[in-house]
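The values are calculated or read from the model by the stated rules, or taken from the named source; none is laboratory data. Only a predicted model underlies this, so the values are computations on that prediction, with no experimental measurement involved. All Cβ positions, even for glycine, are placed from backbone atoms using ideal geometry, and neighbour counts span all protein chains on display. Surface accessibility is based on the protein's heavy atoms, side chains included, excluding ligands, DNA and RNA. Shrake-Rupley method; radii C 1.70, N 1.55, O 1.52, S 1.80 Å.
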Amino acid sequence: MKGRSLKLKEAHKSDKSSKNGGAVESVCSILWDVEAQHIITCSSSDSSISIHDTLLQSTPPKGLQHHRDGVTALALSPNSTCLASGSIDHSVKLYRFPDGEFQTNITRFTLPIRALAFNKSGSMLAAAGDDEGIKLINMIDDSIVRVLKGHKRPVTGLAFDPKGEYLASVDSSGALILWELSSGKTLYTLNGVAPDYGSDTSVLNVLSWSPDGDLLAVPGFKSDVVIYDRDTAERLFSLKGEHDQSVCFLSWSPNGKYMATSGLDRQVLIWDVDKRQDIDRQKFDDTICCMAWKPHGNALAVIDTMGKFGVWESAVPSSMKSPSDGAPNLKSRTNGLLLFDEDEPNSSSSVSLNEEDGDSHVEIEQVSRKRLRKQSALDTLDEDSDDIVNSLPEIEPRKKSSRNHKKHLANGSEEIQSTMKPRESKMQEAFQPGSTPVQTGKRHFLCYNMLGTITTIEQEGYSHIEVDFHDTGRGHRVPAMTDYFGFTMASLNENGSVFANPSKGEKHMSTLMYRPFSSWANNSEWSMRFEEEEVKVVALGIGWVAAATSLHFLHIFTEGGLQKNVVSLDGPVVAASGFKNKLAVVYHVSDSLPSNDQMLEFRVFNISDGSQPLRGRLPLTPGSSLSWFGFGEEGQLGSYDSKGVLRVFTEQYGGSWFPIFSANKGKKSDENHWIVGMNSTKLFCIVCKYPESYPLVIPKPVLTPVSLLVPLASSDLGEYGLENEFILNNLYIAQTHKKIENMAAAGLDTVSLEDEAFDLEASLDKCILRLIAACCNADKLVRATELVRQLSMEKSVRGAIKLVTALKLPALAERFSEILEERLLNERMGTIAKPSIIPNASLMNGVEVRAISKVTDEVLEPAPALQSLKPTSYLSTKQEKSEGKAISKMGGKVDSSMNLNEANMKNGASEVKLERNINPSPNTATTKVGKVSSEKNIKEGSDLGQNPRPQNPFAKATSNQKNSSIFDSIKKMKVNSGGKG
């Protein structure tokens, strides 16, 4: 049969060279997706995975670059929604397919990965490599349900039985093991059935089940392929005689009629399995190390050891039956949830098999149990035949469960429900904020917050717990504790710590323990036990301890151990946190959606008065889960999800969650943020290098402050900093305003908060002025007009007028002047309301001024001509002290009863004169403002020195009076005396 030539194109490059100057051969993999729309390739010399679009072949492939070293194995779930990859870097990663979005590091080994395989339903992933053990991973909850150990050399090939009962594996020495999935036992061990490649990793032994699951194909010793029976492990026949060297890969066609084999002789042969003869072949320049049949049609995808791939169209002669015609739609016999039977260790015996050529000695280790019936007989079983089903007690539960995963379509056909759906709709488990997973033999965090840490390490029969404070001078000296309960969660505050463990023992008992750091009484430590009830999360506040349990109960205790209340939650708890008198709890209100959106609700309790001030839904980024939940240093409630979005709760808009940080805005691609806490300006986290998602206790992690970055739309002005500052300052002012109201209602002193509010308003005005300058520079004059209405202080409005005048925008200056005049008039009439401190979406376009920052900075300094018009605002304590010193230096005497109306009557004319000196033109906005101001002073006896802006909620009591402060009188006296001199 004459060979043909197939042109291959490069998919992966090798940057290594052999000693003789040639490229080093790599192990490459290739896959089709179920719809034959994509081809996936990888190479052990390339850390990236390529996804090729077969419909748009001219477009470059999509690259997935998440591994740190070469990719050695690929596996695609049967429904082509999940892609798994293994690498020399010891990790197994999962991606969503076909978009390639990275999902998780599902497991790690200590040595390179060599083989991956999904079962027929996609509910289980098998992974193996140089570690010699095989990990079986449940794809529903990502748990490792079993590690199969039996190989003595690196495992290079894995294949699940299509009928869902067995797993076959082969290693580099040529040993084949058949495992029973229901028990995890070894059914047969066939030593030396495949070539022994020793430590050569450029060639891997493989194996493959026929599509109907009756036959298992393995490369043989004499450049052939040996076919074994699924139940007896007996050698049935072989395909041999056409390869000159060993077979290095094989693949069954979708209908099981044909097989493609590639050899070290660089040939690819197509076999008719029934006739046991080759029907076509191709010769290549390099060894073909992997092949994949097209799911629909007549084509074979191949890739060689140099990373070049191609598609062999019409691999089977057109005169013969297509390799995809009559492909079986075999129903899976697993339900995707593996429950292994814990039986006694199996005893085994060895017998010899007589091979046709007698070229090798094979040992078979058989489990001492009744052999399962031939699968050909099982195929004829009626699902209602109880007598036959009862003869298979280990298989029966899985058969019944598998029926639950079938659904009847309208056209009468039957298909297996996607196993990715139950995984996507999984409800999030409860977690303790600030804790890390258990690490065998290593210390891990039970609690990590802004105050300190609680760490534990498991030893023989007990654990060793240590409490440390970040500020050793502030915190207590807490002795180490020996833990015999096996605590897995904890919470820490200034007064003490609380611990809890999951249910243990026959009574399923869970223990809660509180340890105060200091007490006037002896034996102040106490503990509580919960029978048939498991503690899920704990929280701690001033004078109280709380624990949420598996029965949806929230138990509240006093600091002394008095059981104060038990509250029922509406669903399974997810997380809880405490701050002073506040207790916040998050729980599920319903099952998660198929899109993996968690349906969560939060409640905030005031423990001191037994009230519930807040309750509502907890928003999360679509497809994400809750990663951190707690209070900031100032008491603001916050949440952080797995997509990297931090939200805080504010009472604006009737109570809403505001996103104030998005990791996508600032973090590097190789970093993960593990949240510890927050305050009003910073997010505090531990930066973990990818792929790690949580910190280790040793070396001691570094707490890193990260600036808040609001997830805003890209501005048409191209800047982000001012826009972000504008949003955050508005949020801070709203929160401070609420604090002032609460403190005033409680009869507490609000002076310090009013000073803080003044500083925030001054900072916001400065930000707005820079935004106005940026809008003017970009000819966004309407936006600039909207921004000037957001200014809080009269001085800032006058600064904006000066700014646009300097920028030669007289029309805008005129409009700004009208806004100021309107504000002054409305204030005099008492009808104006404070400008909204809630940012408008149309204003979110601020930029950081560079080209005209000098002009802006000059505007922010009061001009000499405007000193007499400086508003009173809320003078801080520092300002009052500095002005007092200035008075004492002048030797001036102040009459505390002086009315500023009299002073303004005296200074009215000088004010007009000063205003006119700024711009002599009678048509300028500044002259108009000066005229209006002077007329108001003379006719109404009012004072422009009084705050002309709308009433500010943060103002002190004196700032709302008609009479200005004594310090403004002094300033005006100084102006007058200066004018006389």
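Using a Förster distance of 25 angstrom, determine the FRET efficiency expected from the C-beta separation of E132 and D285, and round it to 0.05. Working shown, then result.
Working: r = 35 Å, r/R0 = 1.39.
Working from the Cβ atoms, E equals 0.10.
Using +1 at the C-beta of Lys and Arg and -1 at the C-beta of Asp and Glu, which of P701, L731, M743 has the Cα lying farthest in the positive direction of the dipole of segment 678-760? Of the listed residues, the answer is P701.
For a quick protection proxy, order the peptides 432-442, 283-293 by their average other-Cβ count within 10 Å, most packed first. Write down the numbers at each step before the final one.
Numbers: 432-442: 15.7, 283-293: 20.8.
Averaged packing, sorted descending, gives the order 283-293, 432-442.
Less than 5 angstrom separates the built amide H of C290 from those of I303, all sequence-distant by 5 or more or on a different chain. Listed here are the pairs K682/K808; K257/K426; K93/K283; K580/K766; K222/K283; K163/K321; which of them are more than 31 Å apart at the Cα? The pairs that break the limit, which is 31 Å between Cα atoms, are K682/K808; K257/K426; K93/K283; K580/K766.
Using a basic spin-label model with each label point 7 Å from the Cα along Cα→Cβ, how many nm lie between L614 and L781? Between L614 and L781, the simple spin-label model gives 4.4 nm. Candidates N777, A757, V788 compared by Cα position along the dipole of segment 753-793: farthest toward the positive end lies N777, with charges placed on Cβ.
Distance between the modelled labels on E532 and H476, one decimal in nanometres: 3.6 nm (7 Å Cα→Cβ projection).
FRET efficiency for the L807 to N581 pair, using the beta carbon distance and R₀ = 45 Å, is estimated at 0.30. Remark: segment 551-690 carries 41 Å² of accessible area per residue (probe radius 1.4 Å; ligands, DNA and RNA excluded). Convex hull of alpha carbon positions in segment 71-189: directionally averaged projected area 6.6 nm². What is segment 517-632 by shape, rounded, prolate or oblate, if you read a ≥ b ≥ c off the alpha carbon gyration tensor as root eigenvalues and call it rounded for a/c under 1.5, prolate for a/b larger than b/c, and oblate otherwise? Here segment 517-632 falls in the prolate category.
Can you give the Kirkwood hydrodynamic radius of segment 140-206 from its Cα pairs, in Å with one decimal? Let's see the in-between values first.
Working: mean 1/r = 0.0791 Å⁻¹.
Kirkwood hydrodynamic radius for segment 140-206: 12.6 Å.
Of the trypsin sites (Lys or Arg not before Pro) found in segment 724-808, those in coil by DSSP whose Cβ has at most 12 other Cβ atoms within 10 Å are K808.
When the solvent-accessible surface of protein heavy atoms is calculated with a 1.4 angstrom probe, in what order do V782, V71, V566 fall, highest first? Please report the intermediate quantities before stating the final value.
Details: V782 110, V71 0, V566 85 Å².
From most accessible down to least: V782, V566, V71.
Solvent-accessible area of segment 162-205 (1.4 angstrom probe, protein heavy atoms only): carbon and sulfur portion equals 49 percent.
By accessible area, using a 1.4 Å probe on protein heavy atoms only, segment 449-496 has 44% of its surface on carbon and sulfur. Only protein heavy atoms count here; under a 1.4 Å probe, M320 has an accessible surface of about 60 Å².
Zone of S595 (label point 7 Å along Cα→Cβ, backbone N under 18 Å): which residues in segment 645-664? Counting only backbone N, you get 645. With all protein chains in place and a 1.4 Å probe, the accessible surface of segment 607-742 carries 52 percent carbon and sulfur. Decide, for segment 618-678, between rounded, prolate and oblate: order the square roots of the alpha carbon gyration tensor eigenvalues as a ≥ b ≥ c, take rounded if a/c falls under 1.5, and otherwise choose prolate if a/b is larger than b/c, else oblate. Since a/c reaches 1.5 and a/b is larger than b/c, the shape of segment 618-678 is classed as prolate.
A Förster radius of 35 Å, combined with the Cβ-Cβ distance separating K442 from V34, puts the computed FRET efficiency at roughly 0.25. Sequence-ordered 3J(HN,Hα) estimates for segment 703-708 from the Karplus curve with 6.51, -1.76 and 1.60 and θ = phi - 60° stand at 7, 10, x, 10, 5, 6 Hz, glycine and proline given as x.
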